[in-house]
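S.K.: Right, I'll just put the structure down here and ask away after.
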Amino acid sequence: MPDTLQIAMLGAPRVLLNGEPVSGFVSAKAEALVYYLAASDREQRRDRLAGLLWGDVDEARARKNLRDVLSNLRRILGAHLDITRETAALPTQLGAQVDVRTFANAVLAGSTATLAQAAALYKGEFLEGFYVADAPLFEEWSLGEREHYRQLAQQALSTLGDQYLSQGDRWRAMQAIHQLVTLEPWREEAHRQLMT
């Protein structure tokens with residue numbers, strides 16, 4: 001039976017292998033690389049990854065650092081990591097369960113059931129509390145992702161509240177709208193929805 005890799009990035013980030021927390025990352029940048037590959041869901045060129053995490057050092061040093069990190073991740077994640085001479089990826093077909101992918105697909109589907117699933121998955125900001133020193137490009141990327149998933153959560157919760165109200169399920173509507181107000185306390189529309 002193949003190992004199950006779970007990567008959660010909504011709220012406090014974590015990596016689980018067969019339900020157990022993964023440890024042994026050689027650095028925060030190694031863990032950051034896992035999150036970046038999981039969120040991007042596609043093959044990434046090594047030179048791009050080196051620049052993303054080690055843009056503050058010369059190219060040769062950045063490539064060596066990346067090789068060291070990929071070697072560390074290969075030991076930790078095994079078959080879940082697809083590495084070539086030019087690229088690296090954490091492809092879905094290798095069985096990784098990634099919360100942001102499930103979340104985005106649930107919001108896109110738009111049914112009451114999938115929006116409720118998305119609301120349950122949104123446990124907090126993208127990579128909440130996770131910081132990588134000396135990696136401004138990674139921080140810039142994570143800020144963009146944080147805003148993207150926050151907007152998706154707002155959309156999902158607002159639509160879910162409306163759907164529950166139209167179905168006459170006031171209790172669930174109130175829960176969804178309350179979650180939206182907690183996420184965005186300054187949003188007048190959400191307060192009006194909650195009063196309704």
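The values are calculated or read from the model by the stated rules, or taken from the named source; none is laboratory data. This is a predicted model, so every value here is computed, not measured. Here the Cβ positions follow ideal geometry from the backbone for every residue, glycine too, while neighbour counts run over all protein chains shown. Ligands, DNA and RNA are excluded from the accessible area calculation, which covers all protein heavy atoms including side chains. Shrake-Rupley method; radii C 1.70, N 1.55, O 1.52, S 1.80 Å.
S.K.: May I ask you to give the percent of accessible area on the chain that is carbon plus sulfur, with a probe radius of 1.4 Å? Walk me through the numbers on the way to the answer.
M.R.: Values: 5380 of 10400 Å².
Carbon-and-sulfur percentage of accessible area, whole number: 52.
S.K.: From the C-alpha coordinates alone, can you work out the Kirkwood hydrodynamic radius of the chain, in Å?
M.R.: Details: mean 1/r = 0.0553 Å⁻¹.
In the chain this quantity evaluates to 18.1 Å.
S.K.: Tell me the mean residue ellipticity at 222 nm calculated for the chain from its helices only (DSSP H runs of n ≥ 4, each -39500 (n - 2.57), averaged over every residue, nearest 500).
M.R.: On the way: 8 runs with 115 residues, N = 196.
Helices in the chain give a 222 nm mean residue ellipticity of -19000 deg cm²/dmol.
S.K.: Then there's this: To the nearest 20 Debye, how big is the dipole of the chain about its Cα centre, given +1 on the beta carbon of each Lys and Arg and -1 on that of each Asp and Glu?
M.R.: Values: 21 positive and 25 negative charges, 74 e Å.
Charge dipole of the chain: 360 debye, to the nearest 20.
S.K.: OK, next. List the trypsin sites (Lys or Arg not before Pro) within the range 95-179 that DSSP assigns to loop and that have no more than 15 neighbouring Cβ atoms inside 10 Å. Spell out each step's value before the answer.
M.R.: Values: sites: R101, K123, R146, R150, R170, R172; in loops: K123.
Listed in order of number, the matching sites are K123.
S.K.: Can you tell me the dipole magnitude for the range 147-196 around its Cα centre, using point charges on the Cβ only (Lys, Arg +1; Asp, Glu -1), in Debye to the nearest 20? Before the final figure, lay out the partial values.
M.R.: Values: 5 positive and 6 negative charges, 26 e Å.
Roughly 120 debye, rounded to the nearest 20.
S.K.: How many nm is it between the label spots at A12 and I83, if each spot is 7 Å from the Cα in line with the beta carbon?
M.R.: Between A12 and I83, the simple spin-label model gives 2.9 nm.
S.K.: Something else now. If you roll a 1.4 Å probe over the heavy atoms of the protein chains, what accessible area per residue do you get for the range 1-141, in Å²?
M.R.: On the way: 7040 Å² over 141 residues.
That works out to 50 Å² per residue.
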